[in-house]
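The block underneath contains the structure these notes are about, expressed in structure tokens.
The values are calculated or read from the model by the stated rules, or taken from the named source; none is laboratory data. Nothing here was measured: the structure is a model prediction, and the numbers come from that model. Heads up, the Cβs are rebuilt from the backbone with ideal geometry, glycines too, and the neighbour counts pull from every protein chain shown. Surface accessibility is based on the protein's heavy atoms, side chains included, excluding ligands, DNA and RNA. Shrake-Rupley method; radii C 1.70, N 1.55, O 1.52, S 1.80 Å.
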Amino acid sequence: MEHMSKSLKKLTSRPDFNERYNDLKKQVLNNPDVQAFITKHSTEIEDGMINRSLMKLYEFINQSKNCEMCPSLAECKNLLQGYHPRLIIQGRIIDIQYDKCPTKELQDERKKNEALIKSMYIPKDILEAQFDKIDVDVEETSRLQVISIAQDFVEAYNSGSHPKGIYLYGSFGVGKTYILGAIANELASHKVPSMLVYVPEFMRELKGSFQNSSLDEKLDAVKKIPVLMLDDLGAESVSSWARDEVLGTILQYRMLENLPIFISSNFNLKQLLHHLSISQRGEEEPVKAARIMERIKHMTIPIELIGRNRRG
């Protein structure tokens with residue numbers, strides 16, 4: 001203890017100590033977040049408390065809050081990766097509490113959903129999709145239209161309204177899934193969770209869920225996600241159960257709850273109606289198919305994506 005006391009005395013007796021201490025205190029007290037906290041707790045905080053808490057306050061101001069200074073979770077600059085600081089009063093000092101940052105919350109939620117729905121696994125190029133990386137040829141005006149409407153959707157959704165999603169249809173390989181991925185990433189940058197589901201694999205997985213009783217849990221995850229994207233609807237063979245009990249249930253719930261949905265398909269609306277009308281057994285059920293289509297039309301704006309095959 002004697003040795004520690006001598007070291008501390010030597011440090012505080014340095015000629016520039018007071019100057020450095022005052023500079024540090026000035027830097028801390030000029031921070032807007034610290035000022036807001038002191039104002040909010042003005043009846044509890046006095047100068048002595050600030051002096052006792054100076055190093056904690058300095059630790060606080062040099063970290064990112066709400067992911068403002070961190071480009072990604074992997075590049076998080078905070079002491080605890082994925083956690084950002086919040087000031088609290090703890091006895092006679094101001095202390096720091098670390099909470100999950102928005103980016104980590106989104107990643108944890110995405111991991112939770114990926115563990116629940118294996119068909120959510122998205123190719124690397126889709127995970128990195130961005131609007132400004134979408135390849136647009138001069139003559140491909142429909143791609144520009146889709147990007148514009150998608151950006152309008154994100155802006156309207158963030159303002160608190162309930163915009164329609166998009167029914168995106170077009171030939172194989174024109175980039176429908178990539179555009180859905182770009183929308184998902186744009187939403188993620190605004191802290192909005194979304195789910196991109198490859199429909200044929202999802203339907204196969206749900207059939208296998210009868211054995212382990214996880215069907216309702218998986219279906220609920222898709223029904224209730226803030227923004228849902230169904231990729232390649234129509235690529236799967238149609239059963240009455242998949243159409244009415246799965247697709248119909250999802251659409252009905254989201255329509256009633258004003259939850260937006262995006263859909264991609266190789267079929268236009270008329271072709272999808274015909275596809276949904278004929279079940280695996282060859283039975284024609286136009287009324288049930290029409291009921292599905294009415295929900296899709298009510299919730300989405302149909303846009304044809306025209307362009308060259310980018311997988312070729």
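At a glance:
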| read-out | value |
| --- | --- |
| Unsatisfied cross-links (Cα-Cα over 32 Å) in the set Lys124/Lys191; Lys40/Lys164; Lys104/Lys297; Lys164/Lys218; Lys112/Lys270; Lys26/Lys100 | Lys40/Lys164; Lys104/Lys297; Lys112/Lys270 |
| Whole-angstrom gap from region 268-312 to region 160-179, using each part's C-alpha centre | 14 |
| Residues Leu256 and Asp152, FRET efficiency given R0 of 22 Å [Cβ-Cβ distance, rounded to 0.05] | 0.40 |
| Tensor-based shape of region 272-312 (alpha-carbon gyration tensor, a/c under 1.5 rounded, otherwise prolate or oblate) | oblate |
| Prolate/oblate/rounded label for the chain (Cα gyration tensor, a/c 1.5) | prolate |
| Solvent-accessible area per residue for the chain (1.4 angstrom probe, square angstrom) | 56 |
| Accessible carbon and sulfur surface of the chain relative to its total accessible area, %, 1.4 Å | 52 |
| Model label zone, Lys191; criterion: amide N under 13 Å from point 7 Å along Cα-to-beta-carbon; scope region 36-65 | 65 |
| Distant-in-sequence amide H partners of Phe267 (H built 1.01 Å from N, under 5 Å) | Gly170 |
| Whether region 183-312 is rounded, prolate or oblate, judged on the alpha carbon gyration tensor where a/c under 1.5 counts as rounded | rounded |
| Percent RCO, i.e. relative contact order, over region 139-250, from Cα pairs under 8 Å lying at least 6 residues apart | 23 |
| For the chain: relative contact order, % (alpha-carbon pairs under 8 angstrom, 6 or more apart) | 17 |
| Which of Thr103, Thr43, Thr300 is most accessible, then next, and so on - probe 1.4 Å | Thr43, Thr103, Thr300 |
| The chain - charge dipole about Cα centre, Lys and Arg +1 at Cβ, Asp and Glu -1, debye rounded to 20 | 720 |
| Inter-label distance for Leu269 and Asp125, nm, one decimal - labels placed 7 Å from Cα along Cα-to-Cβ | 3.1 |
